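One structure below.
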Amino acid sequence: MRDHPHGQSGTHGSAHPEVWTGRATNRAQWLLSLGGCAFMALGIELAVDSAWTPGSAPLAMSVVGCIAAGLLVLFGTLAFVHVAVKVDKDCLEVRCGHIGLPRRRIPLSEVAGADFAPQVTPRHWGGWGYRWRPQKGTAVVVRRGEGLVLRLWDGHTFTITVDDAESAVRVIRDRLRPAPSGAAR
């Protein structure tokens, strides 16, 4: 997605919108969620069509295991079908999936800088989703491609795959600049 102005141009007389929004989507996650549905269906099929006897502990464990694995895969993948990013004058907010969880809100006062990453891949972060790597920081990776890297004042980084990340970087950098002397922010 591109910049979506929601009012006047940005603060300080810049050409940036008051609120910048961006999004990234991974349609392949829908296919993985079908795998979760298949596990759940197998668990239900086992529960309905199997002969339950007093010594059916292995069958019960299979049913529970299939349904639990199906739910984990289904909700784990649907949580990262897309990511929505919003940058306003005070903070950056990241919401994942259809219900907006997990969610992270980072005040711009905690951001030291923002950089454009031309190629972020799930392989660099150990897969899709909300990721943490000791030497790299934290990331929300829903697809391969361009991303936004925030450098935080505490020395950590936060990477997000989002469409038109260069525009997000420009907006964030503009908001990180100190206001001209004598002007209130």
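The values are calculated or read from the model by the stated rules, or taken from the named source; none is laboratory data. On a predicted model such as this, the values are computed, not experimentally measured, just so you know. A quick note on method: Cβ atoms are made from the backbone with ideal geometry, for glycine too, and the neighbour counts reach across all protein chains shown. Please note that ligands, DNA and RNA were not included when accessible areas were found on the heavy atoms of the full protein model with its side chains. Shrake-Rupley method; radii C 1.70, N 1.55, O 1.52, S 1.80 Å.
So here's what we get for this one:
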| read-out | value |
| --- | --- |
| Members of segment 54-66 found to be part of a helix (DSSP H, G or I) and either loosely packed, with under 13 Cβ neighbours inside 10 Å or within 31 Å of the chain's Cα centre (by Cα) (or both), listed by number | Ala57, Pro58, Met61, Val64, Gly65, Cys66 |
| Strands (runs of 3 or more DSSP E) wholly inside segment 89-162 containing at least 2 residues that are β-branched (Val, Ile, Thr) | 111-120, 137-141, 157-161 |
| Flag if Leu148 is modelled with pLDDT under 90 and within 17 Å of the chain's Cα centre (by Cα) | no |
| Ala114 being among the small types (Gly, Ala, Ser), at negative phi and open to solvent by 20 Å² or more (accessible area, probe 1.4 Å) | no |
| Filtered residues of segment 93-111 (kept if surrounded by 12 or more Cβ atoms within 10 Å (Cβ to Cβ), within 18 Å of Arg27 (Cα to Cα) and not hydrophobic (A, V, I, L, M, F, W, C)) | Arg95, Gly97, Gly100 |
| Unmet criterion (only one of (1) at pLDDT below 95; (2) of a type in the set (D, E, K, R); (3) open to solvent by less than 30 Å² (accessible area, probe 1.4 Å)) for Asp90 | (3) |
| Residue selected from segment 19-34 under the condition open to solvent by 60 Å² or more (accessible area, probe 1.4 Å) and outside any helix (DSSP H, G or I), by the criterion nearest to Arg175 (Cα to Cα) | Arg23 |
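A quick yes/no check of all residues on (1) more than 20 Å from Arg144 (Cα to Cα); (2) of a type in the set (A, V, I, L, M, F, W, C); (3) part of a loop (DSSP other than H, G, I, E, B); (4) open to solvent by less than 30 Å² (accessible area, probe 1.4 Å):
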{"residue": "Gly36", "(1), (2), (3), (4)": "yes, no, no, yes"}
{"residue": "Ala41", "(1), (2), (3), (4)": "yes, yes, no, no"}
{"residue": "Trp52", "(1), (2), (3), (4)": "yes, yes, yes, no"}
{"residue": "Ala68", "(1), (2), (3), (4)": "yes, yes, no, no"}
{"residue": "Leu72", "(1), (2), (3), (4)": "yes, yes, no, no"}
{"residue": "Phe75", "(1), (2), (3), (4)": "yes, yes, no, no"}
{"residue": "Val85", "(1), (2), (3), (4)": "no, yes, no, yes"}
